[in-house]
Amino acid sequence: MRLSTLFTLGLLTSLVACRDREETALDQLQKRGYGFVVSEFHRAAALGDLESARQFLESGMAIDVEGLQGQTAFQMAAAEDQDAMVRLLIEAG
């Protein structure tokens, strides 16, 4: 098999695995009562919901996305003294 074919197969396998992980994370968010919107990501950060925040990030939410008032999840977590969430967001971003 040619090298380019092997590369393409590897890339496709990686993309499928990534997509599956994103879909799983989205499903978990829905089960937790979150929609995939910025305000919900910020709510999870402010509440210190670490698992949901991880799932938002795994689903493709940008870590630095700003809400309507220009705040990020990091700022929301810091304002609510959610130290573990602040650490998670620093490590992720």
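Worth pointing out:
- Condition met for Gln82 (in contact with a His (Cβ under 8 Å, 6 or more places away or on another chain) and more than 17 Å from Gln28 (Cβ to Cβ)): no
- Residue list for segment 31-42, restricted to those being over 13 Å from Thr72 (Cβ atoms) and buried (at least 17 other Cβ atoms within 10 Å of the Cβ): Tyr34, Glu40
Residue by residue, here is whether (1) crowded, with 19+ Cβ neighbours inside 10 Å; (2) of a type outside the set (Gly, Ala, Ser) holds:
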| site | (1), (2) |
| --- | --- |
| Arg21 | no, yes |
| Leu29 | yes, yes |
| Gly48 | no, no |
| Ala77 | yes, no |
| Met85 | yes, yes |
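A short reminder: the numbers here are calculations on the coordinates, not readings from a lab. Predicted model, so just to flag it, every value in this text is computed and none were measured. Glycine also receives a Cβ, built like all others from the backbone with ideal geometry; neighbour counts cover every protein chain displayed.
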